[in-house]
Amino acid sequence: MSQLLQEIEARIAGAKTAARRQNVGIVREIGDGVVRIEGLDDAMLNEMLDFGNGVMGLALNLEETEVGAILLGDFTSVREGHEVRTTGKVLQVPVGKALLGRVVDVLGRPLDGKGPIQAEAFYPVEKIAPGIIKRRSVNQPVQTGIMAIDAMIPIGRGQRELIIGDRSTGKTTLAIDTIINNARLNREAEQSGDTSYRPLYSIYVAIGQKQSNIARIVSVLEEHGAMPYTIVVVASASDAATNQYLAPFAGCAMGEWFMDNGMDALIVYDDLSKHAVAYRQVSLVLKRPSGREAYPGDIFYLHSRLLERAARLNENYGNGSLTALPIIETQLGDVSAYIPTNVISITDGQIYLETDLFYQGVRPAISVGLSVSRVGSAAQIKAMKQVAARIKGELAQFRELAAFAQFGSDLDAVTQAKLERGKRIVEVFKQEQYKPVPVEIQVAVLWAVQNAFMDDIPVERIKEFQTAMVDYLTTRKPDLLSRIRKEKALGDDTIAALKQAIGEFKQSWRP
Amino acid sequence: MISHRVLRREAKRLYRLCLEGGRVNESRVRLVIDHILAQRPRGHIRLLIQFQRLIKLDIQRRTARVETAVPMPEDLQALLREQVTRRYGTGLHWEYQVKPDLIGGLRLRVGSDVYDATIQGRLMALAESFDQP
């Protein structure tokens, strides 16, 4: 009890008794979550403004006679003539490991009813991206668990890889699969006591999405045990445009904490098209000049400064990384629209998902021709390089030949063989959602395809063969798989063992 | 219809014409208003509203408002005026208001700067300090 009294006394003593100088302004206009304030002569750009009753705002426009600000939280109590104070602080969010496993809003406040968050620190939402001195090129892979990506469009830690496609083509699923796969890898490393493995923590930022969708994603992550390694930042469709605009920056600040503390993090922005729309709304209400498609002139800078914060730091700066997977939704496959072209040019590659492929049953519906990873191949493990080096070319060749072959049936043996191999590769890459494949299994399967073990299997039975082969290798040859995982390369003896194991399986497999 | 941007620019030009040594000259303001009303250019009412806003903001910037719980004695007013003038310069308009809600002390506002030394202000600061985690 005496401690409590002392604490109260300290608080009373701490409350300043001298006259405080404050900078105040008066709300002149309010609407759509945006206020215009007269006064506030000393307001700084991006400074937090106190509207009283726990309502905060953010100064975005500093004009000659007034300040334009966006409101955060419930602003129904703010009225014209209301007094506003500057706080001298920029917008900050809680960061740290305490946020893992939690669903939070833009200001880092919990939305999951699991109690308050004891944050280790606070990070500013807007921060300058790490400079060139701090950086290094990517050299460690992000294992997505999606065969087509890990083999043909590899992603490195610290890379920015765009996921782009029309609605309902599996963009979010790709990101969720990656989160689930990395949570599995983290868990396995923890359980085996492998200290050399660098865990990859994930941050999923939902921007302008339906609450039902977000709830479904959270339940999927919980179901697959990925939540303990994941932070979900939510600015749903029912939240104000201002919150949707800030959400990716808040998520990025949370990810930067991991990077700055020598850890690896992955951030998914789902999606930046809605983010651009939210920013357009805020800008128009703030009466900023509009440009193409009514987007403000700084829409490119908005996304470039966000994505530039994803980086791989060098060893002098802790060796941490922040990998970004922004998502963009296209309209009728138009990748040449304003926002898609902007984000394509900012990122280090893109994974393009095609509606046609999706409805043909090729899932994930990755278009090999249009997808590219500009830096990720440097981070690919050697074993994968050995088996997947030629696959992208072969698959691209297959698509070209398949289009050509439909006009005639007289094909030479070489073309026929390429077509048959291509069909099998397409089958092998088909994968169910939320079932990421460990890298050693990917290597074994791709090795089997490349070495003609599947050439005599009918195309429609490839998946069945693959499943049985994976079961066989997992249950009967776990040592071989763990050797591939540990050595990360296919040596002569590993290749011999793989050849023998797959040969044995093939003999025993009864179609 | 004349655009809002043009009107704002014109109002600002007129406002600048009314400045003398960095302060608004009242006779010039009256002259400007008389001139506009005599000429009646397109959008003159909107122009006058915009002009009025700029003058109002200028007056607010140069106004010192003192709020106290009880009427302030003359000698204290003079002392306060002297100290505030030393900081903000001469030419301030002074307004005194009595607000019993303040309980005690004084609240001074000059432009957008507020100095709160009231009991009400201290109690609110104390309440806020308890609210913070």
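The values are calculated or read from the model by the stated rules, or taken from the named source; none is laboratory data. Predicted model only: the values in this text are computed from it and were never measured. For neighbour counting, all protein chains shown are included, and Cβ atoms are generated from backbone atoms with ideal geometry for every residue, glycine included. These area figures cover heavy atoms from the full protein model, side chains too; ligands, DNA and RNA do not enter into them. Shrake-Rupley method; radii C 1.70, N 1.55, O 1.52, S 1.80 Å.
For this structure, a couple of remarks:
- Whole-number percent relative contact order across chain A, with pairs defined as alpha carbons under 8 Å at least 6 apart: 15
- Of all DSSP bridge pairs formed entirely within chain B, close to 70 percent run antiparallel.
- In terms of accessible area, using a 1.4 Å probe and ignoring ligands and nucleic acids, B:L123, A:L306 rank largest first as B:L123, A:L306.
- Total charge dipole magnitude, the protein assembly as shown, about the Cα centre, Cβ charges on Lys, Arg, Asp, Glu only, Debye to nearest 20: 1380
- Positive dipole terminus of chain A, leading residue within A:A250, A:G25, A:G158 (C-beta point charges): A:G158
- Across A:T347, A:T467, A:T475, A:T195, the residue with the most accessible area heads the list, and the full order at a 1.4 Å probe is A:T195, A:T475, A:T467, A:T347.
- Protein-only accessible surface at a 1.4 angstrom probe places the residues B:M72, B:M124 in the order B:M124, B:M72, largest first.
- Residue (of B:I45, B:A127, B:L80) at the positive-pole extreme of chain B, dipole from beta-carbon charges: B:I45
- Mean projection of the Cα convex hull over all viewing directions, computed for chain A: 29.6 nm².
- Cα-based helix-to-principal-axis angle, A:462-476 vs chain A, degrees rounded to 10: 80
- Average Cα contact separation per residue, the range A:94-380, under 8 Å, 6 or more apart, as relative contact order %: 29
- Farthest positive-ward along the protein assembly as shown dipole, Cα basis, beta-carbon charges - from A:N342, A:N213, A:V439: A:N342
- Here the extension length gained between A:R198 and A:Q500 equals 105.4 nm, from 0.36 nm per residue of separation less the Cα-Cα distance.
- Built amide H within the under 5 Å cut-off of A:I327, gap 5+: A:I163, A:Y269, A:L272
- Helix A:241-260 vs. chain A, principal-axis angle (Cα, 0 to 90°, nearest 10): 70
- Charge context of B:A64, other residues only, Cβ under 13 angstrom, K/R +1, D/E -1: +4
- Nearest-10 value in Å² for the accessible area of A:S196, using the 1.4 Å probe: 100
- Nearest-ten-degree value, helix A:171-192 long axis tilted from longest Cα axis of chain A: 80
- Antiparallel %, DSSP beta bridges [both residues in the protein assembly as shown], to 5: 60
- Charge dipole (debye, nearest 20) of the range A:386-508; +1 at Cβ of Lys and Arg, -1 at Cβ of Asp and Glu: 400
- Chain A, helix-only ellipticity at 222 nm - DSSP H runs n ≥ 4, -39,500 (n - 2.57), divided by all residues, nearest 500: -12500 deg cm²/dmol
- Charge dipole magnitude, Cβ of K and R +1, D and E -1 - the range B:4-60, Cα centre, debye nearest 20: 340
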